Amino acid sequence: MENLEDDQIQNLLNEFKKIEEISGETYDEDYQKMLDEFMNNTFEGMDEDFYKMYKTKTLKVKKLHPDAILPKYNYPTDSGFDLHSVEEVTIGPFGRAFVPTGLSFQFDENYEIQVRTKSGLAIKQGLMVLNSPGTVDQGYSGEIKAIIFNVNNESVTIPKGMKVAQAVLCPVVNGGYVDVLEVEELNETDRGDNGFGSTGII
């Protein structure tokens, strides 16, 4: 039952109706209620399975380093997964460095991976992803390296295996599906050219 497609489900429902019409029998209210409840529970569960199948995306991962740590979502509701360093890296005061993760990814068109700062790392150790969010394009197949910035006035050493950033798989419109069109004028909007600070701070 769980592998039925939408059209197969509809065909099954139609067959139930035909059998009912041919038999000419009138079922009592309790029987009909039981049948309706059975059908609703069955197809409701199948709808959830279909929805999950539709929403689920495949993220292929290749380990480029034997000590690389594969992605893992700590909770089903998490947006991102942690990226770990595969080397010990020391970053000088107010310095920055590439931190290798030993991983490369492959995913569907119209998606990108965004590399972001981990909030705990920023507040506790003063380390952040300098270009947050860093963009990993769908066509890039090389190693993911986080650009880590040290906001401290002293050196910080990142040990091997430490979480250095988080990565989020995000939908985007790839350049191949964007038509860039030069125009003389743009349509007017209610905001216009009101930019930085135009809405105040409160």
C-alpha center-to-center spacing [segment 139-202, segment 109-125] in angstrom: 11 Å
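Arranged by the count of other C-beta atoms within 10 angstrom, fewest first, what order do E109, E185 take?
Values: E109 10, E185 5.
Arranged by neighbour count, lowest to highest, E109, E185 become E185, E109.
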Dipole axis of segment 60-174 (+1 Lys, Arg; -1 Asp, Glu on Cβ), positive-most option in F81, S119, Q166: S119
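Arranged from highest to lowest average of other beta-carbon atoms within 10 Å per residue, in what order do the peptides 165-178, 57-70 appear? Each step should come with its number before you reach the end.
Details: 165-178: 14.4, 57-70: 12.4.
Put in order of decreasing packing, that is 165-178, 57-70.
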Simple spin-label estimate for S119 and T199 in nanometres, 7 Å along Cα-Cβ: 2.0 nm
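Which of rounded, prolate, oblate describes segment 60-174, given a ≥ b ≥ c as roots of the alpha-carbon gyration tensor eigenvalues and a/c under 1.5 marking rounded, otherwise prolate only if a/b is larger than b/c?
Values: a/c = 1.77, a/b = 1.57, b/c = 1.13.
Since a/c reaches 1.5 and a/b is larger than b/c, the shape of segment 60-174 is classed as prolate.
Relative to the present Cα-Cα distance, how much length would full extension add between V172 and K160 at 0.36 nm per residue of separation?
Details: separation 12, 0.36 × 12 = 4.32 nm, distance 3.24 nm.
Contour length minus the Cα-Cα distance gives 1.1 nm.
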From phi via Karplus (6.51, -1.76, 1.60), per-residue ³J(HN,Hα) for segment 161-176 in Hz, x at Gly/Pro: x, 6, 6, 10, 6, 10, 10, 10, 7, 10, x, 9, 9, 5, x, x
Under the Karplus curve 6.51 cos²θ - 1.76 cosθ + 1.60, θ = phi - 60°, whole-Hz ³J(HN,Hα) for segment 182-199, x wherever Gly or Pro sits: 6, 10, 6, 9, 9, 4, 6, 10, 5, 8, x, 9, 5, x, 3, x, 5, 9
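Using a Förster distance of 22 angstrom, determine the FRET efficiency expected from the C-beta separation of D179 and Y140, and round it to 0.05.
Values: r = 23 Å, r/R0 = 1.07.
Efficiency, from the Cβ-Cβ distance: 0.40.
Quick note: the coordinates plus some simple rules give every number you see, no bench work behind them. Just so it is clear, the structure is predicted and the values come from calculations on it, not from any experiment. Backbone-built Cβ (ideal geometry, glycine too); neighbour counts: all protein chains shown.
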